[in-house]
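Take a look at the structure set out below.
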C-alpha cells in the first residue's frame with residue numbers, strides 16, 4: 001500500500017470522495033461542522049464503504065435528508081457517537097476506536113468447549129450415561145424449571161457424587177493454572193514464566209513430602225493440602241525476595257534465576273526427606289504426579305473461594321497487563337505503579353495456583369501451553385488472553401482427566417502424564433503452523 | 001505567559017555516575033525547548049527526570065506542583081513522554097495502542113469509558129491515522145508508527161510533551177513533517193514541548209530556545225543565534241561545522257577537514 005501523503009494534515013482543505021468538491025475539515029476535532037449531522041448507523045456504514053474520510057457538507061446533508069423522514073418518529077435520539085440503541089449516530093465517519101476484547105466467535109467456542117468437555121466427562125466412565133439424561137438431570141436441579149430427572153438413583157449418585165466433583169475440580173484447577181500462567185507471562189514479559197517456574201512446584205512438593213513423611217500415620221490426608229499450599233506460597237515468596245534483592249523485579253531474568261535457585265534447593269531438601277522415608281515414596285510420588293482420584297465436593301468447596309478471588313483479580317488486571325506490555329518505563333510514564341501491579345498479580349496468581357496444587361498435585365504444562373495456544377490462534381492482547389485462558393484451561397484439564405481415568409481403566413494414569421503427552425505434540429503443531437510467536 | 005515547568009538545580013545519579021549536574025531552567029507554557037548536546041550529555045536522563053521516572057536531587061515543578069511528591073498518575077496527567085525507542089507491540093491495533101495513552105485517566109481496574117474512546121479518536125484523527133485505526137502496529141511504516149506513538153501521547157491529554165529524539169528513525173521528509181506536526185499540535189492544543197534532538201539544524205529551526213548540555217551541565221542556553229556557534233559546536237561536539245543563519249533559519253552543516 002502506498003503510504004498516505006502526510007501533507008494534507010497541515011491544510012484543512014479536502015476533496016470530497018463522493019462529488020469531488022473541496023471542503024474544510026477539522027479532522028474530527030470538537031466543533032467541526034460534521035458533528036451536527038446525524039445519520040442512521042446503516043447509512044453511516046454505507047458512507048464508510050464509499051470513502052475512508054469525511055464527505056463534503058452537501059453530500060452528508062443529502063444522506064441526512066434521506067434519513068430524516070424515518071427519523072421523525074424516533075423520540076429518543078442518542079446523538080453521541082458510539083453504540084446508541086436507537087440506531088443513530090453522529091456523522092463523523094470515525095473508524096471504531098475500541099480495544100478488541102475477546103473476539104465473540106472465539107469466546108463462544110471457548111464456552112462451548114468448557115461446557116462440552118464437562119458434559120462429556122460426566123457421561124464417560126465404566127458406566128456410560130447418556131448426555132441427554134445428564135442435561136435433563138442438571139436442569140432438574142435448577143429451580144423454576146420443573147424438569148424431571150430421568151436418571152436412576154444409582155446413576156444419579158454416580159453423576160453427582162462421583163463424577164461431578166471431579167469434573168468441577170478439574171475445571172477449577174485447569175482454569176486457574178492457565179490464567180495464572182497468562183498473568184505471569186504478562187507481568188514478567190517472559191513467555192516461559194509460570195507460577196511453577198517461580199517455586200510453586202518445588203515448594204508444594206517439599207510441603208507435601210514433609211507432610212506425608214512426618215505426619216502421624218493416616219493423619220496426612222488433612223494436613224497434605226495445607227502443607228502443599230504453604231510450601232507453594234513459601235517457595236514463591238523466597239524466589240521473589242531473592243530476585244528482588246538482586247534487582248530482578250524490573251526484568252524477569254534475575255527473578256527466574258532466583259526461582260530456579262530456590263527450586264533447586266527445595267528439591268534437594270525434598271529428595272533428602274524422601275530418601276529418609278523411602279517407605280512413603282509411593283504416596284509422595286503419586287501426589288507429585290497429580291490427579292483427581294480423590295476429588296469430592298469438600299475439596300471443591302475448599303479451593304473454589306481461593307480460585308474465584310484469584311481469577312477475579314487477574315481478570316480485572318487484563319487491561320493493565322496490556323499497558324505493561326509497553327515495558328516498565330512506558331507503563332510508569334502512563335501513570336501505572338508497575339511494582340504494585342506486578343506484586344498484586346503475582347500474589348493473586350500464586351495464591352490461586354497454590355490452592356489448585358494443594359488439591360490436585362503437580363500438574364505441569366497447563367500454564368504454558370494454554371496461554372500460548374491462545375496467543376498463536378486468537379490474540380496476544382491480555383484482554384482476550386486472560387479470560388480465554390481461564391475457559392480453555394478448564395476445558396483442557398477436564399478432557400485430560402477423562403483420558404487419565406479411562407485410557408487404562410480401571411487403573412488411572414497420572415494426569416500430569418496426560419497433559420504433557422497430549423499437550424506437547426498439540427502445542428508443537430500449533431507452534432509450527434503459525435510461526436508467529438508473540439512476546 | 002505562565003510557567004509550565006521548572007527545574008531547580010536538578011542532579012541525577014545513576015549508580016555512582018552523576019549524569020545530570022545542577023540543571024536549572026524554566027519553561028513557559030506553549031514554549032518549545034530543545035535539549036542538545038553530544039552523546040552522553042544527559043538529555044534523555046533530564047527528560048526521564050521531568051517525567052518522574054528517575055530519582056533526582058533538587059526540585060522539579062510541573063504547573064507549580066513538585067514531581068517528587070506527586071503520584072505516578074498525577075505526573076502522567078501533566079507530562080506525556082515519547083521515548084526514543086518506544087515499545088510498540090506488533091499485534092495491537094493503532095486504536096488499541098492509542099487507547100493505552102488514556103491510562104492516567106482510567107481508574108485502577110476500570111476499562112475505557114466513552115470519554116476515553118472519544119479522546120483517542122480525536123488523537124487518531126488529529127494525526128491523520130483514521131485509515132490505520134484498525135491496522136496492527138506491526139504492519140505500519142516508520143513514519144506511520146511515529147504518528148501512532150505521537151497519537152498515544154496526545155491521547156494522554158497532558159499539557160507538556162516530552163520527546164526523546166522524535167525524528168531519529170525517520171527519513172528527511174518525514175523528519176520535517178513530524179516536527180511540523182508537533183509544532184501545529186503545540187499551537188492548536190497549547191502544548192509545551194521539551195525535546196532532546198540530535199539534528200542541530202532542525203533543533204534550531206523548530207525550537208524557541210536551546211539548552212546545550214555537556215557531561216550533565218548546561219553550558220549554553222538561548223535562541224539558535226546565541227547557542228549554535230561554530231566555536232561551541234567544535235568544542236562540545238568535537239565537530240567541524242559551518243553555521244549559516246539565513247532568513248531567520250539556521251543551518252548547521254558538517255564540514256570535512258580538508259586533506260591534501
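Below are the figures for this structure:
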item: Any chance residue A:347 is closer than 29 Å to residue A:210 by Cα, free of Cβ contacts under 8 Å to residues at least 60 places away in the same chain and assigned to a helix (DSSP H, G or I); result: yes
item: Qualifying positions in segment A:296-310 - touching a helix residue (DSSP H, G or I) at 6+ places or on another chain (Cβ under 6 Å) and within 14 Å of residue A:224 (Cα to Cα); result: A:299, A:303
item: Residue among A:363, A:313 that alone is in contact with a helix residue (DSSP H, G or I) (Cβ under 6 Å, 6 or more places away or on another chain), under 27 Å from residue A:298 (Cα atoms) and facing chain B (nearest Cβ under 10 Å); result: A:313
item: Qualifying position, being out of contact with any strand residue (DSSP E or B) (no Cβ under 7 Å at 6 or more places or on another chain), at pLDDT 90 or above, loosely packed, with under 15 Cβ neighbours inside 10 Å and assigned to a helix (DSSP H, G or I), among A:232, A:264, A:311; result: A:264
item: Which numbered condition residue A:379 misses (of (1) surrounded by fewer than 24 Cβ atoms within 10 Å (Cβ to Cβ); (2) more than 10 Å from every other protein chain (Cβ to nearest Cβ); (3) touching a helix residue (DSSP H, G or I) at 6+ places or on another chain (Cβ under 8 Å)); result: (2)
item: Which listed residue, of A:182, A:128, A:152, is in the same structural domain as residue A:372 (by TED's automatic domain parsing) and within 27 Å of the chain's Cα centre (by Cα); result: A:182
item: Residues of segment B:5-38 classified as surrounded by fewer than 17 Cβ atoms within 10 Å (Cβ to Cβ) and under 19 Å from residue B:204 (Cβ atoms), total; result: 2
item: Those helices (runs of 4 or more DSSP H) lying entirely in segment A:100-191 with at least 2 residues crowded, with 19+ Cβ neighbours inside 10 Å and at negative phi; result: A:104-123, A:131-141, A:164-188
item: Check on residue A:374, buried (at least 21 other Cβ atoms within 10 Å of the Cβ), within 23 Å of residue A:105 (Cβ to Cβ) and within 12 Å of the chain's Cα centre (by Cα); result: yes
item: Number of positions in segment B:215-254 that are surrounded by 11 or more Cβ atoms within 10 Å (Cβ to Cβ) and in a loop (DSSP other than H, G, I, E, B); result: 7
item: Residue that is surrounded by the most Cβ atoms within 10 Å (Cβ to Cβ), among those in segment B:78-92 that are touching a residue at least 40 places away in the same chain (Cβ under 8 Å) and at the interface with chain A (Cβ under 7 Å from one of its Cβ atoms); result: B:81
item: Restricting segment B:53-77 to residues that are surrounded by 20 or more Cβ atoms within 10 Å (Cβ to Cβ) and more than 8 Å from chain A (Cβ to nearest Cβ), the residue that is nearest to residue A:332 (Cα to Cα); result: B:67
item: Test: residue in segment A:339-351 that is within 14 Å of another protein chain (Cβ to nearest Cβ), touching a helix residue (DSSP H, G or I) at 6+ places or on another chain (Cβ under 9 Å) and under 20 Å from residue B:92 (Cβ atoms); result: yes
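Results for (1) within 14 Å of another protein chain (Cβ to nearest Cβ); (2) under 16 Å from the mean Cα position of the chain (by Cα); (3) at pLDDT 85 or above, shown as yes or no for each residue.
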| residue | (1), (2), (3) |
| --- | --- |
| A:359 | no, no, yes |
| A:400 | no, no, yes |
| A:407 | no, no, yes |
| A:417 | no, no, yes |
| A:422 | no, no, no |
| A:428 | no, no, no |
| A:434 | yes, no, no |
| A:437 | yes, no, no |
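Yes/no matrix, rows are residues, columns are (1) under 27 Å from residue B:168 (Cβ atoms); (2) within 16 Å of the chain's Cα centre (by Cα):
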{"site": "B:36", "(1), (2)": "yes, yes"}
{"site": "B:41", "(1), (2)": "yes, yes"}
{"site": "B:61", "(1), (2)": "no, no"}
{"site": "B:97", "(1), (2)": "yes, no"}
{"site": "B:102", "(1), (2)": "yes, no"}
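The values are calculated or read from the model by the stated rules, or taken from the named source; none is laboratory data. Just so it is clear, the model here is predicted, and its values are computed rather than measured. All Cβ positions, glycine included, derive from the backbone under ideal geometry; neighbour counts span all protein chains shown.
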